[in-house]
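Have a look at the structure below before the remarks.
Every read-out reported here was derived from the displayed coordinates using simple, explicitly stated rules and does not represent laboratory data. Values in this document were obtained by computation on a predicted structure and should not be read as measured data. For neighbour counting, all protein chains shown are included, and Cβ atoms are generated from backbone atoms with ideal geometry for every residue, glycine included.
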Amino acid sequence: MRTTLTLEDDLSRRIADLARETRRPFKAVVNEALRRGLGDFSPPQPEFLIHPRAGHLRPGIDDRRFNELAWESDQDSLPRNPSGRNL
């Protein structure tokens, strides 16, 4: 929707500064400020991107055993009772 909005000079400068700092359009900054002011504090979240890369492990390292190693490490850190078993 298009509308005319009269802003006070100090607000206009603050919005223009913020738009310049964030490299976003003036309109987007005004819309976000209005949403926050009206109680919608959840700005639209940017898309979360994952850039996978090849994991180059050294020869002899079996990546399928990582979970087993983590489990063994956890077991070693647990307190033991007198019989030698984990509590």
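Annotations
- Dipole magnitude of the chain about its Cα centre (Cβ charges: Lys, Arg +1; Asp, Glu -1), debye to nearest 20: 240
- The P(r) of the chain has a tail past 20 Å containing 66 percent of all C-alpha pairs.
- Nearest-ten-degree value, helix 9-22 long axis tilted from longest Cα axis of the chain: 40
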